[in-house]
1. Out of the residues in the range 259-289 that are of a type outside the set (D, E, K, R) and in a loop (DSSP other than H, G, I, E, B), state the one that is nearest to Pro393 (Cα to Cα).
2. Are any residues in the range 140-158 modelled with pLDDT of 75 or more, crowded, with 19+ Cβ neighbours inside 10 Å and of a type outside the set (Val, Ile, Thr), and if so, which ones?
3. What residue, among those in the range 334-354 that are within 22 Å of the chain's Cα centre (by Cα) and within 20 Å of Ile268 (Cβ to Cβ), is surrounded by the most Cβ atoms within 10 Å (Cβ to Cβ)?
4. Taking Val211 as meeting all but one of (1) at pLDDT 90 or above; (2) part of a helix (DSSP H, G or I); (3) hydrophobic (A, V, I, L, M, F, W, C); (4) not assigned by TED's automatic domain parsing to the domain that holds His280, write down the number of the exception.
5. So, in the range 175-188, how many residues would count as being in contact with a strand residue (DSSP E or B) (Cβ under 6 Å, 6 or more places away or on another chain) and at pLDDT below 90?
6. Out of all the residues in the range 328-343, which are at pLDDT 90 or above and hydroxyl-bearing (Ser, Thr, Tyr)?
7. Yes or no: Asp309 part of a helix (DSSP H, G or I) and either modelled with pLDDT under 95 or touching a helix residue (DSSP H, G or I) at 6+ places or on another chain (Cβ under 9 Å) (or both)?
Amino acid sequence: MLSGEIPGEFQSLQSLETLNLSHNNLSGEIPASLEKLRGLYTVDISSNELQGPIPNCQAFLNASVQELGRNKGLCGNARGLPPCTPFSKKGHNNNKTFLVVMFSLLSVSCLLISSIALLFAFKRKKDTDEERQSNASDEIFFSVTPFNGRILYKEIIRATKDFDAQYCIGKGGYGNVYKAELSSGDVVAVKKFHPLHTGEMADQRQFLNEVRALVETRHRNIVKFYGFCSSAGHSFLVYKYLERGSLASVLSKNEESKKLDWNKRVNIVKGVVNALSYLHHDCSPPIVHRDITSNNILLDLEYEAHLSDFGTAKLLNPDSSNWSNIAGTYGYIAPELSYTMQVTEKCDVFSFGVLALELIVGAYPGEFLSNLSILTAESIPLNNVLDQSLSPPPPEVVNKLMFILKLAVSCLNINPKSRPTMHTVSQLVFDHI
């Protein structure tokens with residue numbers, strides 16, 4: 001259940017179409033900034049403790065009594081609401097205003113009680129599965145073209161048979177990934193977060209982190225994000241389905257790994273570099289992924305890389321602290337996090353260095369990371385570390401791999417200040433590969 005005030009940051013969700021915040025414990029006034037959501041066409045904020053004027057936009061003005069009712073004292077030009085007065089806007093009431101408001105609220109309450117009674121009688125006639133799907137009273141639906149949020153939710157429940165294990169294609173610490181084929185023929189990947197246990201908010205934070213990091217990111221090397229659903233029953237994210245799965249999975253299978261030739265591996269390095277440079281230098285505020293691993297690089301049919309899994313991502317807001325708990329995957333985490341716990345873009349730079357080495361070696365390069373203080377490009381002869389499952393690379397590719405090896409070592413510098421930025425890495429890759 002959500003509590004507190006509705007965050008004004010919702011105004012940044014410009015693709016938001018359906019907003020359902022009903023049956024929560026939200027209080028205070030609705031942010032006027034929600035008027036900026038031009039794509040919003042349906043809202044349901046019923047059964048909260050909200051008060052004050054509703055935003056002056058069509059989604060709120062066209063909302064029904066049921067969608068606005070059972071709040072502390074809303075006003076505005078919508079059906080069933082009293083008009084706003086100078087007193088109601090300032091939080092002061094005289095007796096006349098109080099009587100008018102109370103009379104209006106009583107009228108609305110009577111109408112709501114009648115409506116609820118009718119709805120309850122109607123819903124009792126539905127079968128259990130249909131009721132479970134339609135009675136998701138506290139979902140927050142969001143959709144990106146071409147999908148409608150509520151339709152997408154029902155489609156996913158149907159396509160996965162309520163997240164049956166046979167549709168699971170991946171498992172993680174915070175949730176599982178399912179493949180869902182929609183009636184339109186589109187195939188999507190659905191990351192369903194594990195249910196919250198009493199008193200635990202970690203999974204919910206991971207979910208909100210991922211939504212916040214993905215909702216405004218648009219890049220060819222970042223997995224395409226379709227939308228999300230948050231409710232008491234389900235919290236999941238919807239992505240484009242990428243046919244070849246994770247880089248880690250491909251590298252771990254001998255036959256699949258052989259198909260990942262040297263040119264494809266060089267292109268994967270380029271894709272990851274482009275994605276990280278975009279997150280660090282083109283997003284405002286910058287986004288640090290914090291979990292760059294081969295498990296979180298997904299490949300399409302053409303073996304192009306797509307960065308995924310933003311559950312541990314952190315937005316570097318210059319007005320707030322960037323200190324945080326350690327997050328990420330063991331073996332890829334920057335060493336300074338063990339004693340500073342201060343998140344910077346250089347944490348991702350280190351993880352990228354590990355990943356680049358992994359692509360050259362064909363497996364996790366743990367033996368080269370045991371003593372970072374003496375690691376140099378000269379201490380790792382290329383011919384001794386090349387993935388032996390592949391044929392030797394031609395001379396022009398050898399030069400590219402040598403450059404990637406040197407770049408990886410510079411990214412693994414034990415001193416974060418001595419590591420290059422991803423913008424610098426991107427420029428170097430563009431110039432030399």
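The values are calculated or read from the model by the stated rules, or taken from the named source; none is laboratory data. This is a predicted model, so every value here is computed, not measured. Positions of Cβ are backbone-derived with ideal geometry, glycine not excepted, and every protein chain shown enters the neighbour counts.
1. The residue in question is Leu260.
2. Matches in the range 140-158: Leu152, Tyr153, Glu155.
3. Of everything passing the filter in the range 334-354, Asp348 is surrounded by the most Cβ atoms within 10 Å (Cβ to Cβ).
4. Result: Val211 fails condition (1) only.
5. Initial filter on the range 175-188 (in contact with a strand residue (DSSP E or B) (Cβ under 6 Å, 6 or more places away or on another chain)): 175-181, 187-188.
Right, trim to at pLDDT below 90 and you get 175-176.
Count: 2.
6. Tyr332
7. Here the answer is no, as Asp309 does not meet what is asked.
Residue-wise test of (1) over 22 Å from Gly331 (Cβ atoms); (2) aliphatic (A, V, I, L, M); (3) crowded, with 17+ Cβ neighbours inside 10 Å.
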{"position": "Asn371", "(1), (2), (3)": "no, no, no"}
{"position": "Ile374", "(1), (2), (3)": "no, yes, no"}
{"position": "Val397", "(1), (2), (3)": "yes, yes, no"}
{"position": "Val409", "(1), (2), (3)": "no, yes, yes"}
{"position": "Pro416", "(1), (2), (3)": "no, no, yes"}
{"position": "Gln427", "(1), (2), (3)": "yes, no, no"}
